[in-house]
Amino acid sequence: MVSMRSDSSWKSCEETLGAIAGSRSLEHLAVPNRVKGAYLGGEVSQAQVITTWATGNPDGELRTWADDQAKAVTLVEGLPGLVAGLLRRRMRTAVGERELDETVYRLALRRLDALHDAPPDRGRGMRVDVVCADHLGRKSPRAFYREVAGGQAPATLAEFEPVVDRILELTVPPVYSEWLSTEHRGVVTDLLYEAFKNTHEHARSDLEGRELPISFRGIAVRHHSFPRDNLAQAAAESVPLSRFLERLEPPMAGNRQIQLLELSVFDCGIGYASHLRSLPLEELAPDDELAAVNECFEKNVSSKSLSGSGQGLALIDGLLGDNNGFLRLRTGRLSVCRSVSGAQELVDTATGGKPVPRTPVCGTVMTCVLPMRKL
């Protein structure tokens, strides 16, 4: 059995992925009740660990320390626990091995339906999740889709704007409301719109066009506050993230906290490189995979453009660069990042050097970080 740590840092997630890949007979994965530590992109990264394990272990069982109803509710309130519950795998308590799968599944499905059918609402703390579970028929949350002839289609940008306004009301403290001027509000709207629409168009099927047996898609928006004198813990040994955080200043005089807005988008698709090259990951050399992912951030490069002009990821990259943002991407065998648009190719998330191949993952997680300030 491999046990996931409640520490949700990228470093911890990579260690768990390595343990999963290195196990010859992995049957069980133990999932923590609650994520500890507010790491940037932590919850979506843990969710990706769980879907990677589930995809490679179709008969695997889950273990949890949620040994009563209240703890089971807490489990599914977090994004990793919600994803674990919606796998509908056999789930037992880590101690005593009492069966919990149907209980947790019902609780997870109830929460998913609430996220799916209602306007965005705040979870624990200043955070908002919107989740699709395509394999369960929950493909089109009301907040992000519209009715069209024959079904649903992604909302238009104009329809998306009030949804993002609501998300920002729930995640950005009022003192920074002026920072959310029309310009910055538009940046967040464009970024989430392009990234989520990308999951709709590229991440719901395999290379042959077949629906994926496990398919989660969605966004996670979080407000983070880190003490200026303790940024090393927030960076969790990521050299590029540490450099990014060290450049930032508290938004107000006398304030020792760095204020950040996390915008994460996740899916269970085949990954950027496989999609662009129309090849399974195992047929791509590591250097070709890296080249393909770098190409995805160039203008007019896409096997199927988001907006008809191939601007999607290039637009996201430009928005982050223009607003002193940070981008981290986990896809295929790559964990890469960038903090200055156009100034460099994607670099390794851990070292800041040339990316090295890592444990292959299910889908893609993109985490974008914007520093907030008081105007």
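So is Ala30 in a strand (DSSP E or B), assigned by TED's automatic domain parsing to the domain that holds Val73, over 23 Å from Leu334 (Cβ atoms) and out of contact with any Cys (no Cβ under 9 Å at 6 or more places or on another chain) or not? Yes. None of Thr93, Thr103, Thr74 is at pLDDT below 90 and among the β-branched types (Val, Ile, Thr) except Thr93. Report, ordered by the first and then the second residue, all pairs with beta carbons closer than 8 Å, sequence separation of six or more or different chains, a first member in the range 1-18 that is in the same structural domain as Gly41 (by TED's automatic domain parsing), and a second member that is part of a helix (DSSP H, G or I) and among the aromatic types (Phe, Trp, Tyr). These pairs meet every condition: Val2/Trp53. Within the range 198-214, take every residue that is small (Gly, Ala, Ser) and in contact with a Leu (Cβ under 9 Å, 6 or more places away or on another chain) and give me the one that is surrounded by the most Cβ atoms within 10 Å (Cβ to Cβ). My answer is Ala203. All of Ala195, Ala158 fail the test of being surrounded by 22 or more Cβ atoms within 10 Å (Cβ to Cβ), in a helix (DSSP H, G or I) and either in contact with a strand residue (DSSP E or B) (Cβ under 7 Å, 6 or more places away or on another chain) or not polar (S, T, N, Q) (or both), apart from Ala195.
The listed residues are His184, His135, and the only one of them that is buried (at least 16 other Cβ atoms within 10 Å of the Cβ), modelled with pLDDT under 90 and assigned to a helix (DSSP H, G or I) turns out to be His184. With respect to the stated conditions, Glu169 is part of a helix (DSSP H, G or I), without any contact (Cβ under 8 Å) to a residue 24 or more places away in the chain, under 26 Å from Val369 (Cα atoms) and in the same structural domain as Phe216 (by TED's automatic domain parsing).
From the list Arg142, Arg146, which one is surrounded by fewer than 21 Cβ atoms within 10 Å (Cβ to Cβ), in contact with a helix residue (DSSP H, G or I) (Cβ under 7 Å, 6 or more places away or on another chain), in a loop (DSSP other than H, G, I, E, B) and not small (Gly, Ala, Ser)?
Details: Arg146 fails: in a loop (DSSP other than H, G, I, E, B).
That would be Arg142, the only listed residue that is surrounded by fewer than 21 Cβ atoms within 10 Å (Cβ to Cβ), in contact with a helix residue (DSSP H, G or I) (Cβ under 7 Å, 6 or more places away or on another chain), in a loop (DSSP other than H, G, I, E, B) and not small (Gly, Ala, Ser).
Using the structure shown, decide if Leu170 is touching a Lys or Arg at 6+ places or on another chain (Cβ under 9 Å) and surrounded by 15 or more Cβ atoms within 10 Å (Cβ to Cβ). Before you say what the answer is, go through the steps one by one.
Numbers: touching a Lys or Arg at 6+ places or on another chain (Cβ under 9 Å): yes; surrounded by 15 or more Cβ atoms within 10 Å (Cβ to Cβ): yes.
Taking the combined requirement at face value, the residue satisfies it.
Right, Val35: of a type in the set (Val, Ile, Thr), more than 19 Å from Leu109 (Cα to Cα) and surrounded by fewer than 24 Cβ atoms within 10 Å (Cβ to Cβ) or not? So Val35 fits the description; yes.
Here's the yes/no breakdown for (1) more than 21 Å from Phe266 (Cα to Cα); (2) in a loop (DSSP other than H, G, I, E, B); (3) among the aliphatic types (A, V, I, L, M); (4) free of Cβ contacts under 8 Å to residues at least 60 places away in the same chain:
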{"site": "Gln48", "(1), (2), (3), (4)": "no, no, no, no"}
{"site": "Ala54", "(1), (2), (3), (4)": "no, no, yes, no"}
{"site": "Asp67", "(1), (2), (3), (4)": "yes, yes, no, yes"}
{"site": "Ala72", "(1), (2), (3), (4)": "yes, no, yes, yes"}
{"site": "Val76", "(1), (2), (3), (4)": "no, no, yes, yes"}
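Report whether or not Trp10 is under 20 Å from Ile214 (Cβ atoms) and either surrounded by fewer than 17 Cβ atoms within 10 Å (Cβ to Cβ) or among the aromatic types (Phe, Trp, Tyr) (or both).
Working: under 20 Å from Ile214 (Cβ atoms): no; either surrounded by fewer than 17 Cβ atoms within 10 Å (Cβ to Cβ) or among the aromatic types (Phe, Trp, Tyr) (or both): yes.
No.
Quick check on my filter: what residues within the range 113-132 are surrounded by fewer than 15 Cβ atoms within 10 Å (Cβ to Cβ) and at pLDDT 90 or above? Within the range 113-132, Asp113, Ala114 meet the criteria. Among the residues of the range 38-70, those that are surrounded by fewer than 20 Cβ atoms within 10 Å (Cβ to Cβ), over 18 Å from Leu260 (Cα atoms) and among the small types (Gly, Ala, Ser) comprise Gly56, Gly60, Ala70.
Hey, among the residues in the range 237-246 that are free of Cβ contacts under 8 Å to residues at least 40 places away in the same chain and within 13 Å of Pro371 (Cβ to Cβ), which one's surrounded by the fewest Cβ atoms within 10 Å (Cβ to Cβ)?
Result: Glu246.
Does Val175 fit the bill of being surrounded by 13 or more Cβ atoms within 10 Å (Cβ to Cβ), within 30 Å of Ala253 (Cβ to Cβ) and under 16 Å from the mean Cα position of the chain (by Cα)? So Val175 does not fit the description; no.
When you check Ala70 against the structure, is it more than 16 Å from the chain's Cα centre (by Cα) and of a type in the set (A, V, I, L, M, F, W, C), yes or no? In short, yes.
The values are calculated or read from the model by the stated rules, or taken from the named source; none is laboratory data. Note that the structure is predicted; figures quoted are calculated from it, not measured. Cβ: placed from backbone, ideal geometry, glycine included. Neighbour counts: every protein chain shown.
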